[in-house]
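One structure below.
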Amino acid sequence: MKIRLRELSHFDKEAAETLIQKDHGLHPDDKYLKPGRIPHIWCPGCGLGVVLTTFIEAVRRNRIPIDMCSVVSGIGCTGRVAGYLDMDTYHTTHGRAIPFATGLALANPQMSVTVFSGDGDLFAIGGNHLIHAARRNVNLKVICVNNFNFGMTGGQVAPTTPLEAKTSTTPTGNAEPGFNLPYLAHAAGAVYVARWTTFHPRQLAHSISQALNKKGFTFVEAIAPCPTGYGRPNKLGSGLEEMRFYRDMTEVRNGADPKLAEIRLREKFIVGTFHDTDRPDFLENYDRNVVSRVKSKQKGKEKGKAA
Amino acid sequence: MKFWRLPLDAEAHSIPQGTVNIIESRCKGCGFCIEFCPNGCLKQSKRFNVKGYHPPELIFHAEDCVECGLCSLICPEFAIFTELKEAKKITEDDIQKVTTRYSRRDRRSFKR
């Protein structure tokens, strides 16, 4: 029997790249994306693209010029966002997105600084930075994409993994309960706390655009399906099935106590805008308590010298 | 059920009609747009794209697209978007169509 094999052709990188370049500009969102970077590396069924689309929609809705918008992200799947957006973006070291963004926000107060990072980056290694930035009320907009595990490194257990959930490092079930992120951010002093899933893209876009308008530390949690890292070991199915799960198992409750927003495996959880207040942000407090007092002291000294 | 007249404020409103544009080479076949399109305008096609996924395609009732933009918002791949084609006036046929669509007789309501 003669077996005819298909002739193998070498991968033509140039042709593939020209194809990708040719596609750029077809979509109206492409002017916010770096040319030649889409298609992104995220898995089919991943919710990160949805969060990125809603963020672009929120920026467009608020008419923030691209020059005045900057995005800082940490390490992980979500950290790739900085590489895809055609703005002033920075891909920092693991967990240090908020310190970098704090410096950026203090150096240029007119700039809208968004921290776009994952749960493993913001709450595992960068947990302290987040609570202190929230306590100081630095003018930062934090978007935390929560997929309940460390996705990029192979689905290890993260501080947000619910109790009894299986991951690659907890094959018999997680023994630790996960963080309740909105409650934590609220307790640390964030002025705006919201949680939505990727099944609620309109509400998420509205929430992000509200957060971009606010002054102070805002926190938006976006729950995203992770079919490879979290869905597969927990038998949650593909990304689409996880989206159906979010449709059936979420309850929109705006203004609810964030204490109730705990997530347990395969149980109903609440989404919505939990907290929305105003309080003086870091620069305002610093100007009032340090800068103005030092200036008045210096004036007194100068007067003394003149006399 | 049959409506015997148009709504009184029918002239103040219009039905937007959109065109769905699909950039097929970007699609990774997650199926979010097909599942969550409120009017059920999309279905999975049988052909393959460059990556080997089945991209979505418009079904026969393509004029049902009301340019809500949910598909472009929910697509993680920046592969689908809608454009406003025209905004047409409300006629009695439209009212009838909408009532049958959301009644149980329509087959597409069973899909969801």
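Summary of computed values
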item	result
About the Cα centre, charge dipole magnitude for the protein assembly as shown (Lys/Arg +1, Asp/Glu -1 at Cβ), debye	520 debye
DSSP-defined beta bridges in segment A:28-129 - what % are antiparallel, rounded to 5	10 percent
Mean Kyte hydropathy of 0.0 or more with a Cα span along the axis of at least 24 Å, helices from DSSP in chain A	none
R0 of 60 Å, Cβ-Cβ distance A:Lys305-A:Met249: FRET efficiency to nearest 0.05	0.25
Chain A: relative contact order in percent, alpha carbon pairs under 8 Å with at least 6 residues between	16 percent
Computed E for A:His10/A:Thr153 - FRET, C-beta separation, R0 25 angstrom, nearest 0.05	0.20
Share of carbon and sulfur in the accessible heavy-atom surface of segment A:191-307 [1.4 Å probe, %]	51 percent
Dipole axis of chain A (+1 Lys, Arg; -1 Asp, Glu on Cβ), positive-most option in A:Met243, A:His24, A:Pro171	A:His24
Chain pair A, B: total accessible area buried, heavy atoms, 1.4 Å probe, Å²	2400 Å²
Rounded percent of accessible protein surface that carbon and sulfur make up, segment A:1-154, 1.4 Å probe	56 percent
Beta bridges per DSSP with both ends in chain A, % antiparallel, nearest 5	20 percent
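The values are calculated or read from the model by the stated rules, or taken from the named source; none is laboratory data. Given the structure is predicted, the values throughout are model-derived calculations rather than measurements. Reconstructed Cβ throughout: ideal geometry from the backbone, glycine too, with neighbour counts over all protein chains shown. All accessible areas refer to the heavy atoms of the entire protein, side chains included, with ligands and DNA or RNA removed. Shrake-Rupley method; radii C 1.70, N 1.55, O 1.52, S 1.80 Å.
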